[in-house]
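Right, one structure below, let's go through it.
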Amino acid sequence: ELFVQYLATYSYKHGRGKEKNALTYTDLSHTAEECETFQFLADILPKKILASKYLKMLEKEKRDGEVREDDEGEEEEDEDKAVGDSVGS
């Protein structure tokens, strides 16, 4: 109870709560991200993002993962060639 009170008070004082006279989720997530004391809450209180931005991030990660897998396959082929060349000599 005291912890939640401290988190709320800290977030209110260091966020935009004073301007609006309200404590918002954004204030809490900003506190979790910026304050070392509350960083363990960063996964629980992530910053809000639009669903469209999240989907774009997932697509980009998927494309990057496919490119990395292709690059790894080419490296393995190059290594096989190099081993085959040295064995034949």
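The values are calculated or read from the model by the stated rules, or taken from the named source; none is laboratory data. Because the structure is predicted, anything quoted here is derived from the model rather than measured. Virtual Cβ from ideal backbone geometry, glycine too; neighbours counted across all protein chains shown.
Yes/no matrix, rows are residues, columns are (1) out of contact with any helix residue (DSSP H, G or I) (no Cβ under 6 Å at 6 or more places or on another chain); (2) surrounded by 10 or more Cβ atoms within 10 Å (Cβ to Cβ); (3) modelled with pLDDT of 70 or more:
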| residue | (1), (2), (3) |
| --- | --- |
| LEU7 | yes, yes, yes |
| LYS13 | yes, yes, yes |
| ALA22 | yes, yes, yes |
| THR26 | yes, yes, yes |
| THR37 | yes, yes, yes |
| LYS47 | no, yes, yes |
| LYS56 | yes, yes, yes |
| ASP80 | yes, yes, no |
| GLY88 | yes, no, no |
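State whether one or more residues within the stretch 66-73 are surrounded by fewer than 12 Cβ atoms within 10 Å (Cβ to Cβ) and at pLDDT 85 or above.
No, that holds for no residue.
Please go through the stretch 11-58 and pick out each residue that is part of a helix (DSSP H, G or I) and more than 24 Å from the chain's Cα centre (by Cα). Spell out the reasoning first.
Let us first name the residues in the stretch 11-58 that are part of a helix (DSSP H, G or I), namely 11-14, 17-20, 25-34, 36-41, 51-58.
Passing the criteria: TYR12, LYS13, GLY17, LYS18, GLU19, LYS20.
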